[in-house]
């Protein structure tokens, strides 16, 4: 049984495809919805038409716990309302998926070719996408966000996999796999 992961954009899809362990990517299709608003529509369509497990990976766009929970609840209601017995999981990247690059500043330093300034690293707590773009603009070896993904070593990918977002994704994919194998 195929499982769909619906995310916001191409960078998110590229990152997920490399950061999700290969053994969990079997029978998984990662789809970029083209933006936050399109996610709900695409996820609902997949649930209704295909009746297969769907995971939605979306930026919370906030670090405020109440706002994050409200966004999570809204998406769960919109998509889960049509799910019946189809597994649906919403994973919030707080505040944005790029935060996983900031969990290990030494990893970021190796990728960029320099030690990131503390002020930009601090900004990443609230605006990791903007911080990453600023850091890349100062790098002599990385030109854009996609290139940073292409340069990841296996060891660095393992570091990204230890983030809470990636752990949550892995747990859902594993549970779907176990459920499918039990049937």
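The values are calculated or read from the model by the stated rules, or taken from the named source; none is laboratory data. These numbers were taken from a predicted model, which means no experiment stands behind them. No Cβ is skipped: glycine too gets one built from the backbone with ideal geometry, and neighbour counts run over all protein chains shown.
Conditions (1) surrounded by fewer than 20 Cβ atoms within 10 Å (Cβ to Cβ); (2) touching a residue at least 40 places away in the same chain (Cβ under 8 Å); (3) under 30 Å from residue 1 (Cα atoms), marked per residue:
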position: 82; (1), (2), (3): yes, no, yes
position: 101; (1), (2), (3): no, yes, no
position: 104; (1), (2), (3): yes, yes, no
position: 109; (1), (2), (3): yes, no, no
position: 113; (1), (2), (3): yes, no, no
position: 118; (1), (2), (3): yes, no, no
position: 132; (1), (2), (3): no, no, no
position: 147; (1), (2), (3): yes, no, no
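Quick one: is residue 164 free of Cβ contacts under 8 Å to residues at least 12 places away in the same chain, at negative phi and out of contact with any strand residue (DSSP E or B) (no Cβ under 6 Å at 6 or more places or on another chain)? So residue 164 passes the test. Just to be sure, is residue 86 at pLDDT below 95 and either in contact with a strand residue (DSSP E or B) (Cβ under 8 Å, 6 or more places away or on another chain) or more than 26 Å from residue 29 (Cβ to Cβ) (or both)? Judged against the criteria, residue 86 is a match. For region 167-183, the tally of residues that are free of Cβ contacts under 8 Å to residues at least 60 places away in the same chain and over 24 Å from residue 60 (Cα atoms) stands at 4.
Evaluate the following for residue 40: is it farther than 20 Å from residue 15 by Cβ and surrounded by fewer than 14 Cβ atoms within 10 Å (Cβ to Cβ)? Break it down into steps so the answer makes sense when it comes.
Working: farther than 20 Å from residue 15 by Cβ: yes; surrounded by fewer than 14 Cβ atoms within 10 Å (Cβ to Cβ): no.
No: the conditions fail for residue 40.
Counting only residues that are exposed (fewer than 13 other Cβ atoms within 10 Å of the Cβ) and either in the same structural domain as residue 109 (by TED's automatic domain parsing) or touching a helix residue (DSSP H, G or I) at 6+ places or on another chain (Cβ under 8 Å) (or both), region 159-178 holds 1 of them.
For the structure I just gave you, tell me whether residue 136 is in contact (Cβ under 8 Å) with a residue 24 or more places away in the chain and buried (at least 18 other Cβ atoms within 10 Å of the Cβ). Reasoning before the result, please.
Values: in contact (Cβ under 8 Å) with a residue 24 or more places away in the chain: yes; buried (at least 18 other Cβ atoms within 10 Å of the Cβ): no.
Considered against the rule, which asks whether it is in contact (Cβ under 8 Å) with a residue 24 or more places away in the chain and buried (at least 18 other Cβ atoms within 10 Å of the Cβ), residue 136 comes out as no.
Step by step: first the residues of region 119-139, then only those that are over 23 Å from the mean Cα position of the chain (by Cα) and assigned to a helix (DSSP H, G or I), then the one that is farthest from residue 67 (Cα to Cα). Which residue is that? Filtering first and then ranking leaves 138.
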